[in-house]
Amino acid sequence: MTSAGSLLDRRLVFVAGKGGVGKSTVSTALALSAVRRGKRVLLVGLDFDDRGRSIAGLREPEGNEPVETTAGFFRQNVEGKAALEEYLHLVVPVRRVLRAVFESRVYQYFVAAAPGLKELMAIGKIWYEVDRGRWDLVIVDSPATGHALQYLRMPKAAYEAFTTGLVHREAKRVWSLLADPVATAVTVVTVAEELPVNETIDICRQVRDELVLPPGVLFVNRFHSPPFSVADVERASTARRKGVSAACDALSKAVLAAAEEELSWAALNEHCRKRLAVETGWRLVVLPMLLREEFGFADVEALSVMLDEAQAVRSKPRRVEPRS
Amino acid sequence: MRATLASVVERHDVIVCAGSGGVGKTTTAATIALWGARRGRRAAVLTIDPARRLADSLGVQLSGGEGTSVSAEVLREHGIELSGSLTAMMLDQKSAWDSLIERHAPSPEVRERILENRFYQHLSQSFAGSQEYMAVEELSRLRDSGRYDLIVVDTPPSRHALEFLEAPQRLSDFLDRRIVRWFVKPYVSAGWSAMRLVNRTAGFVLRTLEEATGVAVLTEISDFFAGMQGLFEGFAERTERVYHVLKSPKTAFVLVSSPEEEVLEEAEYLSDKMAALGMPLRAVVFNRVHEEFTAPIDRADFPRGDIRGGDQERVAACLTRSGLWPPGLVERLAANFVAYQDVARGDAMRLELFTAGLRRQVPIVRVPNFSTDLHDLGGLARLHPYLFDRSESR
């Protein structure tokens with residue numbers, strides 16, 4: 001599987017996962033890694049609301065226009081209702097008609113009532129961004145799990161439900177992109193703890209078996225890898241008990257407690273990592289826990305450098321001229 | 001007497017655990033319900049989580065609809081004796097809607113037609129706010145049943161915790177809006193031509209939209225509302241009754257959070273909004289708090305008292321002098337120690353800032369970031385001292 005070996009060579013990478021596991025951090029790190037390879041990247045915040053969420057200190061772009069964060073790295077919010085309006089502008093060219101539509105109360109009602117229309121339009125907008133050739137890679141940072149899968153489910157449901165008409169055609173095109181393993185990968189982010197792991201196994205199963213979408217990588221975030229072994233800490237502990245000097249008694253006790261804490265996280269993480277590997281069958285990429293007073297943009301950059309090294313993410317560095 | 005989380009739980013019949021996803025809300029809700037049951041109450045915990053975390057926590061199988069009581073034997077295996085009872089239930093959105101339809105449909109034919117209606121299926125499965133609405137509806141039903149004297153609700157994993165408070169109203173507005181009567185009814189009775197006579201713009205707009213998107217929702221919506229007139233005519237009053245439970249003085253909101261920056265931003269927004277909606281916070285639970293490992297520390301070596309990342313060399317030097325451990329190991333242990341100190345310090349500062357910004361004094365509980373799994377019954381019981389014996393008020 002040559003294409004599977006290089007996540008960043010796809011054109012669309014969808015990032016799913018339960019809340020609070022670091023989806024936005026991983027999405028941003030992936031984007032930075034691709035940018036470093038000379039790619040022009042669009043990071044889409046899917047259906048984030050207008051309050052804006054900070055990703056390690058970076059504010060979300062406001063409105064629905066792409067904002068260039070650093071050279072080659074663009075960010076944009078995509079939201080269903082705005083996408084629908086944009087779409088209607090394309091298909092209903094008469095401005096007077098459109099104004100009447102948008103001003104009508106019936107329009108608000110229609111938008112709320114049409115099953116899956118907003119989700120379909122949001123994912124349609126993403127398709128458009130991938131298709132128009134302005135970006136080498138589009139990364140989609142999605143909202144909490146249930147909702148994210150809803151977006152992925154929509155195109156197929158829509159083209160099956162509406163057998164003719166524009167939505168049918170659009171939905172089918174979007175679905176062909178999503179289901180194409182050369183162009184698209186769905187990745188999942190988790191942490192290696194018991195409850196998130198159960199949910200993640202379920203997400204992975206749904207992506208692969210129910211949605212039948214191309215599985216990308218399962219990122220195991222905040223993984224503890226202590227710089228010492230269980231034996232090291234046991235020896236240190238024994239030495240302390242027999243200790244000759246009382247000079248650092250309290251300090252050495254606290255240092256050992258921190259070491260044991262770290263070992264215990266590492267054991268839990270490792271146990272969960274094994275379960276994830278066995279029960280999902282997905283390729284795992286482990287990202288370390290960074291113990292910081294305040295997690296910041298420098299830490300996201302550090303993670304992105306580690307992604308450069310990860311086999312499953314890696315793509316051959318090549319210069320890609322931005323297409324106009 | 002200063003309020004504690006214990007006194008808040010004791011004085012209320014309904015505890016709503018609110019907060020963003022991934023902060024341990026489900027575990028906290030189950031822990032509170034178990035504590036109530038240990039104190040002799042007939043406790044129920046209602047989760048809305050499709051990921052079945054609560055079932056994992058309590059070691060029970062949960063299916064939609066009725067609750068499962070946690071058996072005395074399972075409890076005893078974990079060394080827990082209850083003087084009350086503990087029931088767990090999980091909201092199955094789809095079957096809750098179906099049973100609402102079953103209760104209100106005028107005839108079996110109408111019921112069947114509605115259950116197969118595409119708009120209804122959308123409404124009951126994926127409509128924004130539908131899950132939140134049903135959660136509140138279920139809560140109100142449970143409370144009216146009189147079978148429980150403590151109901152703990154774990155709110156849905158929404159994008160924003162606030163959705164739980166606002167979504168029922170939004171759904172109600174949608175279902176009860178006069179617009180339904182205004183444009184659905186003429187269509188139902190006489191079709192397009194009548195509709196266009198009633199409101200030409202509306203007719204035109206709809207035709208444009210249906211042509212542009214190929215989505216013909218109107219027929220399905222009309223059919224749905226026509227069948228369920230009785231239920232949705234009074235939906236606003238229904239929602240009002242349901243909200244009544246949330247606004248009751250016997251209901252307490254407990255904010256569940258973690259010390260991470262983004263989560264705290266969300267929590268701050270939520271607590272402001274709740275106050276504005278007349279549903280003030282009664283307590284805050286911080287999960288996953290890193291605590292400092294500081295034992296009494298030698299003031300001669302560390303005059304500042306606390307130890308930070310920048311003190312790594314000093315820590316290593318001190319340990320090296322003691323001759324306990326080989327230098328290579330000392331370096332690695334010291335690095336790990338100061339990293340943990342940094343995290344703890346960051347957590348403490350973020351929590352202090354958050355607490356200072358609270359509008360009113362409420363009990364605040366900090367639960368350490370346990371590396372051992374606490375999601376079984378025994379684990380929940382081990383959390384009790386942290387939640388109920390240590391709460392500080394401010």
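Per-residue mean of foreign Cβ neighbours for B:20-32 is 2 (Cβ atoms of other chains, 10 Å radius).
Cross-link list A:Lys18/A:Lys39; A:Lys18/B:Lys25; A:Lys274/B:Lys25; A:Lys118/B:Lys25; A:Lys125/B:Lys273: which exceed 20 angstrom alpha carbon to alpha carbon?
Numbers: A:Lys18/A:Lys39 28 Å; A:Lys18/B:Lys25 13 Å; A:Lys274/B:Lys25 26 Å; A:Lys118/B:Lys25 29 Å; A:Lys125/B:Lys273 32 Å.
Check vs 20 Å cut-off fails for A:Lys18/A:Lys39; A:Lys274/B:Lys25; A:Lys118/B:Lys25; A:Lys125/B:Lys273.
Between A:Ser225 and A:Val278, the simple spin-label model (points 7 angstrom out along Cα→Cβ) gives 2.2 nm. Counting Cβ atoms of other protein chains within 10 Å of each Cβ in B:203-210 and taking the mean gives 6. Counts of other chain beta carbons within 10 angstrom of each beta carbon in peptide B:316-325 average 6. The stretch between B:Arg332 and B:Glu268, if pulled fully straight at 0.36 nm per residue, gains 19.3 nm over its current Cα-Cα span. Sorted ascending by nearby beta carbons within 10 Å, beginning with the fewest, A:Val212, A:Val191, B:Val256 become A:Val212, A:Val191, B:Val256. As a proxy for reagent exposure, B:Met349, B:Met134 were ordered by neighbouring Cβ count within 10 angstrom, fewest first; the result is B:Met349, B:Met134.
Pop the C-beta distance of A:Glu68 and B:Glu240 into the FRET formula with R0 = 56 Å and round what comes out to the nearest 0.05. If you can, show how the numbers build up before the last one.
Details: r = 48 Å, r/R0 = 0.86.
It comes out at approximately 0.70.
By the rule of a C-alpha distance below 24 Å, with chain neighbours fewer than 8 residues away ignored, the lysines paired with A:Lys242 are A:Lys253.
Extension gain, A:Glu86 to A:Asp299: 0.36 nm times the residue separation minus the Cα-Cα distance gives 73.0 nm.
How would A:Thr200, B:Thr372 line up from fewest to most surrounding beta-carbon atoms within 10 angstrom? Intermediate values should be presented prior to the final figure.
Values: A:Thr200 29, B:Thr372 11.
Least crowded to most crowded, the residues run B:Thr372, A:Thr200.
Throughout, read-outs are computed from the coordinates displayed, never taken from laboratory work. Model, not experiment: these values are computed from the prediction. Don't worry about glycine lacking a Cβ; one is built from the backbone with ideal geometry, like all the others, and counts go over all protein chains shown.
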